[in-house]
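Contents: one structure, followed by commentary.
The values are calculated or read from the model by the stated rules, or taken from the named source; none is laboratory data. Note that this is a predicted model, so its numbers are computed, not measured. Neighbour counts are summed over all protein chains in view; Cβ atoms, including those assigned to glycine, are modelled from backbone coordinates with ideal geometry.
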């Protein structure tokens with residue numbers, strides 16, 4: 001395998017609660033690689049298919065990426081890192097729709113979600129009523145719990161089984177593990193509708209087909225594959241205030257490291273000269289999905305009553321998108337705290353990208369009123385006034 005002596009690395013991190021524009025920034029960086037005629041790979045390293053990263057292209061194409069990387073339209077290859085949770089059902093649906101002409105690699109260490117993890121997640125949220133956590137319903141936490149509570153096999157081991165063994169393995173999750181998990185969650189009643197869905201054997205048959213589709217369209221390999229690429233983008237999910245190490249109430253955070261932890265570990269393993277830019281993304285105001293603490297929350301009309309979010313529409317599990325003011329001092333503190341871990345990586349520089357500026361007249365909607373974006377005080381600042389692009393050159 002050919003190794004490059006120098007790697008240009010871009011790390012995309014949400015600076016707050018997610019929904020900041022990580023898809024747009026990832027696409028921007030990957031297009032930059034395309035313009036330089038450099039082979040590019042995008043690394044998905046935290047969370048799983050619950051992400052919803054929007055990329056809009058001026059030819060009218062708009063897609064919310066869940067399982068594929070947001071660099072797909074820019075012809076970037078994709079790597080699912082060992083800390084990423086794969087979901088063959090979501091992958092098959094998205095990949096078969098887009099039919100990308102890119103290579104997709106998957107770590108053999110990836111945990112994988114089943115439809116039953118998703119069902120447990122959704123049933124648990126339904127049972128909580130008004131006290132629901134605000135989960136996306138993709139079974140991320142339930143996948144982690146199942147790996148901790150029961151004997152599991154790797155995806156590679158599962159796909160190597162014959163169809164009878166695969167069916168038996170999944171039925172064991174359904175018939176033995178699910179009742180145990182419901183007991184742990186103190187769920188005593190399940191609706192007839194859910195019972196009918198759970199016992200539907202076609203779900204298992206269809207999921208096995210999805211797993212085979214995933215296996216046919218991915219290449220299992222470890223992270224050494226990154227050595228082949230001169231341009232690497234780490235596409236994070238969610239945001240710093242939702243990270244499992246954020247110190248917030250774990251019911252309302254995400255069970256993964258959303259900041260420096262995973263990229264730093266992987267970057268350290270690369271050989272050759274490393275040039276790293278860590279870009280923290282924020283809207284010109286704050287948003288949050290689901291329940292949990294939200295400092296500086298405010299009614300939407302205090303920011304802009306006419307703005308419409310086409311990606312984050314109201315849903316049964318996360319409710320309606322919440323809005324808040326962006327405190328620049330708090331923003332800079334959490335960014336600098338996270339960036340400290342990158343100082344161990346040679347040639348690391350920080351940048352900040354501000355999106356949705358068209359909705360706030362080019363200003364930051366701060367708690368004390370609208371302020372200039374220059375108040376952020378970062379040397380390398382990207383600005384976006386639409387859903388297609390950032391300014392061609394960073395503002396200094």
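What the table below lists for this structure:
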item: Output for the range 1-31, where each listed residue is outside any loop (DSSP other than H, G, I, E, B) and over 21 Å from the mean Cα position of the chain (by Cα); result: 6, 7, 8
item: Single unsatisfied condition, residue 97 versus (1) at pLDDT below 95; (2) on the phi < 0 side of the Ramachandran plot; (3) out of contact with any helix residue (DSSP H, G or I) (no Cβ under 8 Å at 6 or more places or on another chain); result: (1)
item: The range 69-121: number of residues that are in a loop (DSSP other than H, G, I, E, B), more than 17 Å from the chain's Cα centre (by Cα) and touching a residue at least 24 places away in the same chain (Cβ under 8 Å); result: 8
item: Some residue of the range 37-45 being modelled with pLDDT under 95 and more than 18 Å from residue 259 (Cβ to Cβ); result: no
item: Residues being under 27 Å from residue 222 (Cβ atoms) and assigned to a loop (DSSP other than H, G, I, E, B) - total across the range 38-64; result: 9
